[in-house]
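Note sheet for the following structure.
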Amino acid sequence: MKTLYLVAMGDVPKQVMEWIEHAAAEWLPVAIRRLEARVIPERAYDPKRKQYQSVEMMKMLAEMLPPDSCRLLGVTDVDLAIPMLSFLFGQAQVDGPVALISVCRLRQEFYGLRADEDVLRSRVVKEVLHELGHTFGLVHCDDPKCAMSLATHIQRVDEKDEQYCAQCGLQLLKRFSSQEAEVS
Amino acid sequence: MKKNWPILVVDDEEVMCESMAAWLREDGYRVDIAPNGQKGVELAKASDYAICFVDLKMPEGMDGIETMMEIRRVRPEASVIIITAYATVDTAIQAMKEGAQEYIVKPCNPQEISMLVSRILKLKKLQSENAILRKKLARQYRHHDIITKNPRMEEILRLTQEIASLRSTVLIRGESGTGKELVARAVHFSGNRAEKPFIVVSCAALTETLLESELFGYERGAFTGANAQARGKFELADGGTIFLDEIGDISPKLQGDLLRVLQERRFYRVGGSREVEVDARVIAATNKNLAEQVHQGRFREDLYYRLNVIEINLPPLRDRREDIPLLAEHFVQRISSELGKEISGITAPALKLLIAHDWPGNVRELENVIERAIVTCHNGVLDEQDVSWLRHKDLTAPVWEVPDVPLEELERQAIVAALERKQGNIKEASAALGIDRSTLYDKLKRYEISHRN
């Protein structure tokens with residue numbers, strides 16, 4: 001069985017990594033292993049925007065892909081962006097091996113509110129399901145409760161359930177039963 | 001792919017292109033990227049993109065505005081969104097003036113761009129649905145340019161489909177302007193000869209000798225001026241269809257020649273000694289009563305039966321008045337665009353006037369009336385006053401020039417016409433002629449007019 005690898009990019013609380021491991025194990029019939037945390041390269045930082053360029057970090061993930069991996073999910077606590085968009089909760093290659101999520105904007109503190117562990121855990125789980133779903137070929141779902149629905153702001157993340165809708169869940173299941181999860 | 005709408009991103013910065021494409025792909029779109037304007041235009045030529053994101057500033061080659069203009073030239077339907085890092089009012093105005101759908105400043109909020117994309121695509125979807133519905137609606141009424149909802153015409157159209165791929169000769173009868181050639185075309189273009197030529201010959205337009213060489217061609221030296229061999233219309237129609245309009249007007253000699261072609265599928269060119277073989281389907285048309293001409297000895301009976309294998313009788317427009325609004329609207333749309341005049345339609349009073357008119361010239365007359373009305377119309381819609389002259393035309397008694405023939409011949413013609421109008425019904429014909437039935441029978445006998453009930 002091939003393996004889903006998780007890797008922290010920069011400082012990420014241990015507990016967050018555990019939540020992620022748990023969520024992935026619940027939904028995906030793959031072995032899950034953690035790689036050692038990596039330092040975020042300086043070149044990914046955009047001083048003008050005081051944010052990190054997601055594209056650079058995705059490149060770095062693609063370069064460190066272990067040979068026995070089926071997917072590699074990077075987790076970071078820094079604020080992500082791409083040139084066109086002011087921020088990203090995460091990014092994934094549709095039907096590709098690499099995905100990345102940022103915890104930064106999932107925290108209540110980011111919005112000037114008091115930290116809330118339950119809220120953070122729930123949001124992290126939804127983002128993990130969302131980005132990993134992309135790597136297994138799922139695209140955005142029209143059901144606002146589904147983890148695969150597009151969230152362009154934090155309220156939309158909170159409206160989602162911590163699960164896939166029946167249709168997306170079934171598609172994912174088919175994907176594994178036909179053993180297409182392997183990425184060539 | 002979830003959504004059937006490809007998107008193009010044109011930007012000289014690879015990071016920008018790649019990241020934007022990746023983000024849109026998560027939404028299920030097929031996304032192509034181009035590193036410069038030229039490549040973008042090239043891709044737009046090959047693919048019908050629903051949306052093109054184009055960066056305003058590209059240092060090499062075409063800039064964003066030029067790229068957008070070129071994309072819109074090759075794909076007028078494409079929605080172009082201009083992307084810029086710095087918002088300046090001037091460039092925004094210029095971009096919008098040149099046809100940009102939107103103008104966005106990067107970086108922008110994910111929600112903003114997501115809403116923009118779905119708004120544009122919603123509009124595209126509506127536009128494409130609209131086009132499909134229009135096509136469906138058009139198909140409901142149109143059949144190779146024949147517009148009708150009249151049951152008799154629909155029956156005729158069904159018949160044209162059934163006979164389209166046969167080789168049998170067709171005789172189309174109908175008054176001038178009823179669309180005999182259109183029906184002939186419908187037969188030809190619905191059948192297995194559609195890819196082959198459809199050749200039209202108007203038999204009334206030419207003298208006997210000219211028509212002969214027109215139909216059968218001629219050999220070099222066949223007559224003065226025949227400097228080279230020429231192929232006739234029958235040869236040109238080989239494999240296809242020859243449409244002989246106004247067949248009732250051809251001379252007895254040509255009737256004989258035609259009969260031979262129909263029977264043997266071969267003929268001689270004028271002045272030629274070698275037979276030419278052809279496989280041309282013959283569709284003939286006439287506004288005359290050929291059976292009557294046969295009876296009078298003006299048309300060969302054998303040719304008549306050869307031609308009349310399948311008969312189609314087209315009703316005059318006054319017998320299919322329900323088609324007048326459809327036809328009128330169609331002509332308004334077509335002619336106004338041909339003349340480059342914006343006419344939105346016809347008002348109800350104008351339509352009422354058109355429906356009431358008797359249309360002796362049939363659909364062709366209606367077409368001419370609409371054209372005249374469009375030319376003189378000044379308020380963007382055809383109103384009663386634009387066709388009011390029709391009313392005077394109707395009130396004026398038709399000018400009838402008395403032909404220079406014996407009185408008996410006039411009487412004979414009047415009886416034949418009355419019988420034809422009343423489909424051979426003696427009671428109705430005699431009433432129309434103002435004589436009693438026995439008198440009519442008497443005259444039928446005297447003039448040797450056959451009739452059928």
Roughly how compact is region B:319-395, stated as its Cα Rg over 2.2 N^0.38 Å to two decimals?
0.98
Between region A:90-121 and region A:1-52, how many Å separate their Cα centres?
11 Å
Two pseudo-spin positions, 7 Å from Cα along C-beta at B:Q385 and at B:N109, lie apart in nanometres by 5.5 nm
Give the long-range amide H neighbours of B:G240: residues separated by 5 or more places, or on another chain, with amide H under 5 Å away, using H modelled in the peptide plane at 1.01 Å from N.
B:R281
If you plug each phi of region B:24-40 into the Karplus form 6.51 cos²θ - 1.76 cosθ + 1.60 with θ = phi - 60°, what whole-Hz ³J(HN,Hα) values come out, in order, with x for Gly and Pro?
5, 5, 4, 8, x, 8, 8, 10, 10, 10, 9, x, 7, x, 4, 5, x
With 10 angstrom as the radius, rank B:Y447, A:Y52 by how many other C-beta atoms surround their C-beta, starting from the fewest.
B:Y447, A:Y52
Just to verify a number: FRET efficiency for B:L123 and B:R266, C-beta to C-beta distance, R0 = 60 Å, to 0.05?
0.45
Using Cβ counts within 10 Å as a stand-in for footprinting exposure, how do B:E408, B:E102, A:E42 rank, fewest first?
A:E42, B:E408, B:E102
Taking the protein assembly as shown and counting helices only, DSSP H stretches of n ≥ 4 at -39,500 (n - 2.57) each over all residues, the nearest-500 ellipticity at 222 nm comes to -13500 deg cm²/dmol
Bins of 10 Å from zero: percent of alpha-carbon pairs in region B:87-239:
8, 21, 19, 14, 12, 13, 10, 4, 0
Please tell me which of these pairs span more than 19 angstrom C-alpha to C-alpha: B:K422/B:K443; A:K14/A:K50; B:K124/B:K341; B:K288/B:K352; B:K125/B:K149?
A:K14/A:K50; B:K124/B:K341; B:K288/B:K352; B:K125/B:K149
Using the Kirkwood radius over C-alpha pairs as Rh, can you work out the diffusion coefficient of chain B via Stokes-Einstein at 20 °C, viscosity 1.002 mPa s, in µm² per second?
77 µm²/s
Enumerate by residue number the trypsin sites (Lys or Arg not before Pro) in region B:183-287 meeting two conditions: DSSP loop (anything except H, G, I, E, B), and at most 10 other Cβ atoms within 10 Å of the site's Cβ.
B:R274
Starting at the first residue of region B:430-447, write each ³J(HN,Hα) from the Karplus equation 6.51 cos²θ - 1.76 cosθ + 1.60 with θ = phi - 60°, in whole Hz, x for Gly and Pro.
5, 5, 5, 7, x, 10, 8, 4, 5, 4, 5, 4, 4, 5, 4, 5, 5, 8
Taking each pair of different alpha-carbon atoms in region B:237-376 once, compute 1/r for the pair, average those values, and report the inverse of that mean as the Kirkwood hydrodynamic radius in Å to one decimal.
18.4 Å
Please report, in debye to the nearest 20, how large the charge dipole of region B:29-158 is about its Cα centre when each Lys and Arg carries +1 at its beta carbon and each Asp and Glu carries -1 there.
900 debye
1/(1 + (r/R0)^6) with r = Cβ-Cβ of A:A25 and A:D46, R0 = 41 Å, i.e. FRET efficiency to nearest 0.05, evaluates to 0.75
Compute the orientation-averaged projected area for region A:58-184 from the convex hull of its Cα atoms and round it to one decimal in nm².
8.3 nm²
Averaged over its residues, how many other protein chain Cβ atoms are within 10 Å of peptide B:111-117's Cβ atoms?
3
Quick one: compute a quarter of the convex hull surface over the Cα atoms of region B:407-446 and quote it in nm².
2.4 nm²
Given a Förster radius of 30 Å and the C-beta distance between B:A414 and B:S165 as r, what FRET efficiency does 1/(1 + (r/R0)^6) yield to the nearest 0.05?
0.10
Going by how many other Cβ atoms sit within 10 Å of their own, how do A:K160, A:K50 line up, fewest first?
A:K50, A:K160
Would you grab the residues whose amide H sits under 5 Å from the one on B:M58? Only those 5+ places off in sequence or on another chain, please, with H modelled 1.01 Å from N.
B:G64
In whole Hz, the Karplus estimates of ³J(HN,Hα) for region B:220-234 (6.51, -1.76, 1.60; θ = phi - 60°; x where Gly or Pro) are 4, x, 4, 7, 4, x, 7, 7, 8, 5, 10, 7, x, 5, 4
In the neighbourhood of B:E208 defined by beta carbon distances under 12 Å, the net charge of the other residues (Lys, Arg +1; Asp, Glu -1) is -3
Size-normalised alpha-carbon gyration radius of region B:177-322, reference 2.2 N^0.38 Å
1.08
Kindly identify region A:3-139 as rounded, prolate or oblate by the Cα gyration tensor criterion: order the square roots of the eigenvalues as a ≥ b ≥ c, call it rounded if a/c is under 1.5, otherwise compare a/b with b/c, prolate if a/b is larger, else oblate.
oblate
Taking every residue of A:54-60, the Cβ atoms of other protein chains inside 10 Å of its Cβ average out to 2
Place +1 on the Cβ of every Lys and Arg and -1 on the Cβ of every Asp and Glu in region A:3-139, take the dipole about the Cα centre, and give the residue among A:A8, A:S122, A:Q108 whose Cα lies farthest towards its positive end.
A:Q108
Tell me the Rg and the Dmax, in Å, that the Cα atoms of region B:7-135 produce.
14.0, 44
Averaged over all directions, how much area does the convex hull of the C-alpha atoms of the protein assembly as shown cover when projected, in nm²?
44.9 nm²
Label point 7 Å out from B:K45 along Cα-to-Cβ: which residues of region B:53-75 have amide N under 13 Å?
B:70-71, B:73-75
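Just so you know, all these numbers are worked out from the coordinates, no wet-lab data involved. Only a predicted model underlies this, so the values are computations on that prediction, with no experimental measurement involved. All Cβ positions, glycine included, derive from the backbone under ideal geometry; neighbour counts span all protein chains shown.
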